[in-house]
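Asks: Just dropping this structure here.
The values are calculated or read from the model by the stated rules, or taken from the named source; none is laboratory data. All of these numbers come straight from a predicted model, not from anything done at the bench. So basically every Cβ, Gly included, is an ideal-geometry build from the backbone, and we count neighbours across all protein chains shown. The accessibility values were calculated without ligands, DNA or RNA, using every heavy atom of the protein model including side chains. Shrake-Rupley method; radii C 1.70, N 1.55, O 1.52, S 1.80 Å.
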Amino acid sequence: MTETSLPGVAGRRPSWDPRRRPCIPTIALDGATAHHSLCGLLMRADDLIAVDCVSPGETVAVIEHLLAICFASGTCPSSDEEWCAWITEEKDLAPAAAWLDRQPDDSWDLFHKKSPLLQNSLLGVIFDEKGTGTAQLVLESAGDYCLHFNHQHLDADCPLSAADAFRATLTQHVYGLPGRARISGDKLGAKLTNLAAGRLAGRIRVIALGRTLGETLRLNLYPPGDRSKDELNTSWETPNIERRTFEKQTKPRVPRGPADLHSALGRSILLSPLQGPRGQILVDKVLIGAGELLELDPCLHLQDAVFSKTTNGVEKPLWPSPSRALWQDAHALYSAVVENRTGLYGRLSKLPYERQGPGAPYHLWAVGLLANHALPVAWTHGSFPYAPGMAEHLHRASWRGSKIAEYIALSLKRAAIVAAETAFPAVRAADEAGQVARLDARWAFWPAAEQPFHELLDEVVDRGLESRDPVSEPLLIYAADLLTTARTHLQQRLDALPPGDLYHLARARAERRFEDDMANTRAPAELRGENHT
C-alpha cells in the first residue's frame, strides 16, 4: 500500500495531535467549562470535576482512553493496598501526562499518512469508492443505515471538527453495534463487513466517580498484573501487536494487558481530513469496517461488571433494558460491593471513610446503550451515591425502594383494568388494550418516581454510620411520597372518563381497587406506614 492511496487533501496532509490540541470538553471545580488536550487533562485532573461530552457513551469512551494511557505509562497502582493509598493520598497523575508528551509525534497524528491515530490505514485502498459522510462515524447518527432507503443521509455533506471526529472514533471502538458494514470486502476480505459488538455494547459499564476527574481515574485504575507485553493501541499498525485479517473467520485474541484492553480498536476506521474555510481542520468522509475481536476473561477484563441472570438462567453482565430504568436495579450495584472481595467492588468496600461534609464521597455511574439490533435507540444511565461502610444500608434502601415502586406501578395497572372493564363493558377484544392504556397511570408514575428514589439514597448517606438505622425512616417518607404521586396520576388518568353514572362508578371502583392494594398485607410494609422486618 502506498501513501498516496490514503484519503485527504491534495498535497501535504494536515497534522492534528489530541495530546496538545484542546479536544475534550470539561467542567472545572469553579463550574467553568473548557476544552483540554489529553496532556492537559492528565496534568490538571484534580482541578477538573469531570469530562463533559455530548453523550454518556462518549464520556465513558474518553475515560476508557485516559485509563489506557495511565496503564501504558505505568501510572497505576501495583496492588490493592497501593490503590487504596493512591485514593487517600490523591496520587498525582502528572507522570502519565509527561509520558504521553514524550511519545513519538507520528503515533499521535490523527491524519498520519501511514499510521493514523486509532485508525486502520488498510482501508485506504477502497476509501475513494466506499467512503461516506461523517454521519456514519457518529454512533447515534448512523443508525442501521435505514434512515433513508437510499442511504442519502450517510453521504450528506456535514463535516465534523477533528476534535469531534476523534471523540466519535473513541466511542465507535467501545460501543459499536453488531451488524453489516456498508463497505466492500472484495479487496481486503469478506469478513471486513461483519461488525461485531463493541466491548461495552450490550452491557452496563459501571464507573466509580470521585469529586474530581483525577479521583475518578484513580478509582478506576487497578493493579495491572504482568505488563511485560502490554501495549497501547495507537493505530492498526501499532508494532508488536499481531492483528487479525479479514479473509476468513478469526479467533478472538486475549488482551495483553489493561492498556491494550482499554484502547482496543473495536472497529477499522479511516478518516479523511479537510481544510476548513477559516483554516480549521475538519473530517468530511469516513469509512468503517470490522475491527478487533477480543476474548475477555470476566475476572480480569470485566472488573466493573455486575452479573445477573436472564429468565433462562444464564448469568451475564447487567444489560440495558428498554422497559426497566437503571435506578430500579441500583440494588445490584450495592450488592456487588457487599458480596465481592476482588475487583472494583472489592476495592471500594475497603476504602476508609471519614465524613467531610454533606453528600456521598463517591458515586457509581452506570451507563448502557439501548439498541434494537443494529439501531441505537438511547443512552441509559444513572448515578448512585456510595460511601464506604454503607453498602449494606444502601442495598437495603435501593432494594426496598425498587420493590415499593414496582408494587405501586402494578396496582396502577390493576386499577386501570378495573376502570376500563367497568366503563367499557362491551368493548371489542381488539380495542381492550387501548382502553386500558388510556387509563393506565404507570407511564406517568415511573418518571416521577425516579427523583424520590435518588433522594432516598442521598438521605441514607447523609444520616451516615452515626445513625443506628439510617434506612427505615427515609423509606417511610419515600413510600408516602410515591403513594401521593401515584394517587395524583391515577386521578388525572381517571379524569379522562366522560361524565355519567357508569363512568363515575368506574372511577370509584378503580380508586377502591388501588386503595385496597395499598392496604393489603401483601403490600410492602412501608406503604402501610410500617417498617419492614
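Asks: With every protein chain kept in the model, how would you rank D101, D230 by accessible area, 1.4 Å probe, largest at the top?
Replies: Accessible-area ranking of D101, D230, largest first: D101, D230.
Asks: Taking the chain as the reference, fit the longest principal axis to its C-alpha atoms, fit the long axis of helix 442-463 to the helix C-alpha atoms, and give the angle between the two in degrees, 0 to 90, nearest 10.
Replies: Roughly 80 degrees, rounded to the nearest 10.
Asks: Hey, what's the Kirkwood Rh for the stretch 207-310 if you take every pair of different alpha carbons, in angstrom?
Replies: 16.8 Å
Asks: If you rank H489, H373 by how much accessible surface each has, with a 1.4 Å probe, what is the order from largest down?
Replies: Listed by decreasing accessible area, they come as H373, H489.
Asks: How long are the semi-axes of the equivalent ellipsoid of the stretch 37-131, defined as square roots of 5 times the Cα gyration tensor eigenvalues? Whole Å, largest first.
Replies: 31, 16, 12
Asks: If you don't mind, another one. Report the label-to-label distance for S467 and H373 in nanometres (one decimal), using points 7 Å from each Cα along the Cα→Cβ vector.
Replies: With each label placed 7 Å out from Cα toward Cβ, I get 4.9 nm.
Asks: Then there's this: Report, in debye and to the nearest 20, how large the dipole of the stretch 181-294 comes out about its Cα centre when Lys and Arg carry +1 and Asp and Glu carry -1 on their Cβ.
Replies: 300 debye
Asks: So how far apart, in nm, are the two label points at D157 and L296 if each is 7 Å from Cα heading toward Cβ?
Replies: Label-label distance for D157 and L296, simple model: 4.1 nm.
Asks: Jot down the per residue volume, in cubic angstrom and as a whole number, of the convex hull over the alpha-carbon atoms of the stretch 377-455.
Replies: Normalising the Cα hull of the stretch 377-455 by residue number yields 109 Å³.
Asks: Mind grabbing the accessible area of K113 for me, 1.4 Å probe, Å², rounded to tens?
Replies: Accessible surface of K113 is approximately 80 Å².
Asks: Another question, if that's okay. Would you work out the Kirkwood radius for the chain? I mean one over the mean of 1/r across all pairs of different Cα atoms, in Å.
Replies: For the chain, the Kirkwood estimate is 25.6 Å.
Asks: Using just the alpha carbons, could you tell me how many Å³ per residue the convex hull of the stretch 297-385 encloses?
Replies: Taking the convex hull of the Cα positions in the stretch 297-385, it is 125 Å³ per residue.
Asks: Would you check the accessible area of T59, probe 1.4 Å, heavy atoms only, in square angstrom rounded to 10?
Replies: Estimated to the nearest 10 Å², T59 gives 10 Å².
Asks: Based on the alpha-carbon set only, what is the convex hull volume of the stretch 188-254 divided per residue, in Å³?
Replies: Value for the stretch 188-254: 148 Å³ per residue.
Asks: Relative to the first principal axis of the alpha-carbon coordinates of the chain, what is the inclination of helix 80-89, with its axis defined by its Cα atoms, in degrees from 0 to 90 and to the nearest 10?
Replies: 80 degrees
Asks: Continuing with this model, one more query. Can you check how the C-alpha radius of gyration of the stretch 17-56 compares to 2.2 N^0.38 Å, as a plain ratio?
Replies: It is 1.06.
Asks: Once every DSSP H run of n ≥ 4 in the chain is given -39500 (n - 2.57) and the sum is divided by its residues, what mean residue ellipticity at 222 nm do you get, rounded to the nearest 500 deg cm²/dmol?
Replies: Taken over the chain, the calculation gives -12500 deg cm²/dmol.
Asks: Right, something else. Using θ = phi - 60° and the Karplus form 6.51 cos²θ - 1.76 cosθ + 1.60, what ³J(HN,Hα) does each residue of the stretch 518-533 get, whole Hz, x for Gly and Pro?
Replies: 5, 8, 5, 5, 7, 5, x, 4, 4, 6, 9, x, 10, 7, 6, 10
Asks: Now for a separate question. Kindly report the accessible area of the chain per residue (heavy atoms of protein chains, probe 1.4 Å, no ligands, DNA or RNA), in Å².
Replies: Here the residues of the chain average 45 Å² of exposed surface.
Asks: Stretch T88-K251 to full length: gain in nm at 0.36 nm per residue minus the Cα-Cα span?
Replies: 54.5 nm
Asks: Share of the chain's accessible area from carbon and sulfur, percent, 1.4 Å?
Replies: Roughly 51 percent, rounded to a whole number.
Asks: On to the next question. Roughly what would the spin-label model give for D186 and H454, points 7 Å off Cα along C-beta, in nm?
Replies: Distance between the two pseudo-spin positions: 5.2 nm.
Asks: Further question on the same structure: Cross-link list K285/K309; K187/K316; K113/K248; K316/K350: which exceed 31 angstrom alpha carbon to alpha carbon?
Replies: Among K285/K309; K187/K316; K113/K248; K316/K350, the Cα-Cα distance tops 31 Å for K285/K309; K187/K316.
Asks: Over the Cα atoms of the stretch 325-428, what radius of gyration and what Dmax do you get, in Å?
Replies: In order Rg, Dmax, the Cα atoms of the stretch 325-428 give 19.6, 65 Å.
Asks: In terms of the ratio Rg/(2.2 N^0.38 Å) built on C-alpha atoms, what value belongs to the stretch 81-226?
Replies: 1.32
Asks: Okay, moving on. Using a Förster distance of 41 angstrom, determine the FRET efficiency expected from the C-beta separation of Q275 and A28, and round it to 0.05.
Replies: 0.80
Asks: About its Cα centre, what dipole magnitude does the chain give when the only charges are +1 on Lys and Arg Cβ and -1 on Asp and Glu Cβ, stated in debye to the nearest 20?
Replies: Magnitude of the dipole: close to 1260 debye.
Asks: In square nanometres and to one decimal, what's the mean projected area of the convex hull around the Cα atoms of the stretch 399-445?
Replies: Dividing the Cα hull surface by four gives the mean projection, 3.3 nm².
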